[in-house]
Amino acid sequence: MDDKAISKSLSYWLRHRPDAGGLSIDPAGWTEVEAVLTALERADLPHGPGDLQRVVAESDKNRFELSPDGQLIRARQGHSIPIDLGWPVTSPPDYLFHGTVEKFLPAILAEGLRPMARHHVHLSADHATATAVGARRGKPVILQVGAGMMAAGGTEFRLSANGVWLVDHVPPAFIDRAD
Ligand code: HQG
């Protein structure tokens with residue numbers, strides 16, 4: 001339970017509101033582990049180095065990463081603050097998947113998939129992951145994205161270390177329902 005609370009606070013501070021945790025974030029999204037431990041203490045959450053290491057290691061989606069020397073931490077994606085995570089441009093498979101819900105479909109089919117509050121549209125390599133993402137909002141609707149065709153046309157796809165595919169926009173012409 002505490003670990004979930006730590007994870008939620010980390011997501012909020014590292015992706016959206018570093019100021020709310022008294023943190024400052026560098027251009028690649030990193031912040032000092034020491035400062036995060038202080039922020040956890042102020043939030044009345046477990047704040048030993050081991051608590052943070054455990055949450056980073058056990059986070060279900062590998063949301064966070066520590067620098068090799070263990071001094072810095074960042075979220076791997078999902079930011080609304082402007083940062084450049086530096087994930088490599090990578091050739092995608094022919095099809096990627098996006099889980100959403102019915103109520104967003106009219107807008108998505110009219111204007112395509114947009115990043116909304118994030119920096120990128122998040123796509124999954126498999127149907128099952130997309131289903132879990134969509135199910136956060138209700139009955140999932142799965143969209144298939146013609147990523148190979150988009151890449152052939154010059155669109156850049158980036159792949160994060162935890163397997164999330166990131167792209168700026170998916171035009172409606174490359175979107176099909178896959179459920
Ligand atoms: C929808 C979680 C209207 C889009 C998950 C989605 C994922 C549009 C919502 C990661 C639209 C944005 C990302 C348009 C897209 N009009 N609605 N043109 N284009 N949408 O949370 O993909 O727990 O920003 O379908 O597991 O749901 O944060 O994106 O429903 O990996 O680590 O607008 O977040 O991971 O929602 O989720 P989000 P997402 P974490």
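Readers should treat all values here as calculations from the given coordinates under stated rules, not as data from a laboratory. Not measured: the values here are computed from a predicted model. Here the Cβ positions follow ideal geometry from the backbone for every residue, glycine too, while neighbour counts run over all protein chains shown.
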Summing +1 per Lys or Arg and -1 per Asp or Glu among the other residues with Cβ less than 15 Å from residue 46's Cβ gives -2
Per-residue ellipticity at 222 nm for the chain, helices alone: DSSP H runs ≥ 4 residues times -39500 (n - 2.57), over residue total, nearest 500 deg cm²/dmol? -8000 deg cm²/dmol
Contour excess over end-to-end distance, with Cα ends at residue 4 and residue 128 and 0.36 nm allotted per residue: 42.4 nm
Along the Cα-to-C-beta direction of residue 84, a point sits 7 Å from the Cα; which residues of segment 11-44 have their amide N less than 16 Å from that point? 26-30
Spacing of the two label points (7 Å from each Cα toward its C-beta) at residue 109 and residue 19, in nm: 4.1
First measure r as the distance between the Cβ atoms of residue 66 and residue 116, then evaluate 1/(1 + (r/R0)^6) with R0 = 22 Å and state the FRET efficiency to the nearest 0.05. 0.20
Excluding residues on the same chain fewer than 8 positions from residue 4, give the lysines whose Cα lies under 18 Å from its Cα. 61
